[in-house]
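Comments concern the structure below.
No lab work stands behind these numbers, since they all come straight from the coordinates. Just so it is clear, the structure is predicted and the values come from calculations on it, not from any experiment. Positions of Cβ are backbone-derived with ideal geometry, glycine not excepted, and every protein chain shown enters the neighbour counts.
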Amino acid sequence: MNQKNPHSKIFVLAVLSVSVMITTGTAISSALPEMAKSFPNISVSQIDMIATIQQFSVMITLLLSGFISKKLGIKRTITIGLILTGVAGVFPFFSHSFILILISRLIVGCGIGLFNSLAITIIDLFYEDPTRSQMLGFRSATEQIGVSILNIVVGLLVLINWHASFLIYLLAFPLLAFFLKVVPEPPIPLGSDNNKQRINLPVLIMTVLLAFMVACTTAVIIQVPNIIVTDLSKSSAVSSLIISANTLMGMVMGILFGRIYRFVKKFILPLGILFMALGSLIMVSFHSVFGVTLGAVVCGMSYPLVGSYIFSLVSVIAPKGSETLANSTLLIGANLGSFSTPLFLSELGKMNSLTTHAGPFLTAFWLLIILTMIVLIYQTFFQKKVHQNIMN
């Protein structure tokens with residue numbers, strides 16, 4: 001089959017390959033406890049920033065990627081983004097300076113921000129529904145597959161030393177070569193960006209909710225290595241396997257989202273929040289590898305349901321013609337949630353008397369239960385038949 005045919009398997013794989021690197025920021029979380037030993041004068045929250053600080057620069061370049069792609073073209077912009085991600089991502093392998101490593105992580109964020117939204121845009125431009133909706137689901141699953149595999153690789157590389165874990169960013173280069181060989185410059189509809197766009201209160205509310213849920217999700221990925229290595233005295237390789245199980249569950253739930261939605265409809269939102277609450281409670285209740293693993297897996301069921309539902313609401317809640325801006329706003333909220341996770345964890349830990357690294361999840365549990373009840377009450381008594389306009 002012609003590989004230039006958008007419906008050929010190789011073309012589909014090439015389009016999806018861009019998304020493999022999007023969520024790799026937290027993939028090196030398993031190496032953070034070992035890294036902390038090399039920087040004894042740096043606080044744990046500052047070390048944790050290595051896994052999240054790139055989200056700050058992602059937010060900035062996310063806003064600029066549309067403008068840059070208009071000037072340079074979508075394919076060139078994605079190329080620059082992947083090159084920046086690969087080069088800056090590998091830099092900590094050679095460096096012993098914490099400040100320079102932080103700067104390199106910011107550059108990684110610049111690279112990811114350039115192709116983050118464009119990974120969705122190229123699907124919008126090459127495909128039409130129902131294939132487009134299916135491809136967006138595959139794209140989300142591709143993110144989870146990528147970070148899951150890389151978590152396992154990091155767990156193996158960290159056995160050498162923490163520097164070696166950053167070699168995972170070399171993957172950006174073969175992915176780029178594959179993408180460049182197969183995917184042509186996508187066609188841009190004339191006059192597609194002439195309308196002035198705006199956001200409204202429902203979009204802002206969903207953005208805040210998404211930021212909170214991403215912060216909870218990222219907290220699991222960041223804190224599991226600390227719980228396993230520091231509290232339970234196990235190896236970083238164990239924590240990487242647990243994180244991989246968490247992300248694999250996210251992949252499965254992402255693939256099953258359509259089927260689950262058809263069964264529970266709009267109540268998929270409180271269900272997703274409830275999974276995060278239950279997973280948090282399990283992690284804080286069972287002081288064992290099994291408990292942490294089970295809790296992390298249950299938490300992994302949450303974000304694919306919440307995130308997919310919120311993004312599917314865009315066509316319903318956003319002002320007409322402002323869907324692109326609404327999607328960008330939601331992505332910024334998601335990245336803000338990830339970036340703020342170290343501070344989020346610190347504040348949650350202060351709200352109860354537990355001293356273990358699992359302690360913040362007790363506070364998270366109660367906040368998530370309250371949020372579940374608020375959303376459930378609103379959807380039961382006040383929300384109209386929004387779900388009729390989704391997934392059709």
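Each residue of the stretch 63-74 was assigned a 3J(HN,Hα) from its phi angle through the Karplus expression (A = 6.51, B = -1.76, C = 1.60, θ = phi - 60°), giving 5, 8, 4, x, 5, 5, 5, 5, 7, 9, x, 5 Hz with x at Gly and Pro. Among the listed pairs K181/K234; K4/K196; K266/K320, a Cα-Cα separation exceeding 32 Å is found for K181/K234; K4/K196.
Projecting the Cα atoms of F179, W162, F94 onto the charge dipole of the stretch 1-194 (Cβ charges, centred on the Cα centre) puts F179 farthest toward the positive pole. When the Cα positions of L345, L331, G279 are compared along the charge dipole of the stretch 195-392, L331 comes out farthest toward the positive end, with charges on each C-beta of Lys, Arg, Asp and Glu. Think of each Lys and Arg Cβ as +1 and each Asp and Glu Cβ as -1; about the Cα centre, that makes the dipole of the stretch 195-392 roughly 720 debye. Converting phi to 3J(HN,Hα) with the Karplus coefficients 6.51, -1.76 and 1.60 and the offset θ = phi - 60°, the stretch 245-261 yields 5, 4, 6, 5, 5, x, 5, 4, 5, x, 5, 8, 3, x, 5, 5, 4 Hz in sequence order, with x at every glycine or proline. For the stretch 1-194, the relative contact order works out to 37 percent when only alpha carbon pairs closer than 8 Å and six or more residues apart are counted.
Placing a pseudo-label 7 Å from each Cα along the Cα-to-Cβ vector at N5 and L256 gives an inter-label distance of 3.3 nm. Calculated FRET efficiency, F39 to F286, Cβ-Cβ distance, R0 = 51 Å: about 0.95 to the nearest 0.05.
Using R₀ = 45 Å, calculate the FRET efficiency as 1/(1 + (r/R₀)^6) where r is the Cβ-Cβ separation of S235 and I377; round to 0.05. Efficiency, rounded to the nearest 0.05: 0.50. Modelled this way, with points 7 Å down the Cα-to-C-beta line, the labels at L63 and L13 are 3.9 nm from one another.
Phi-derived couplings, Karplus 6.51 cos²θ - 1.76 cosθ + 1.60 at θ = phi - 60°, listed residue by residue for the stretch 33-44: x, 5, 5, 4, 5, 7, 10, x, 8, 9, 5, 4 Hz, with x used for Gly and Pro.
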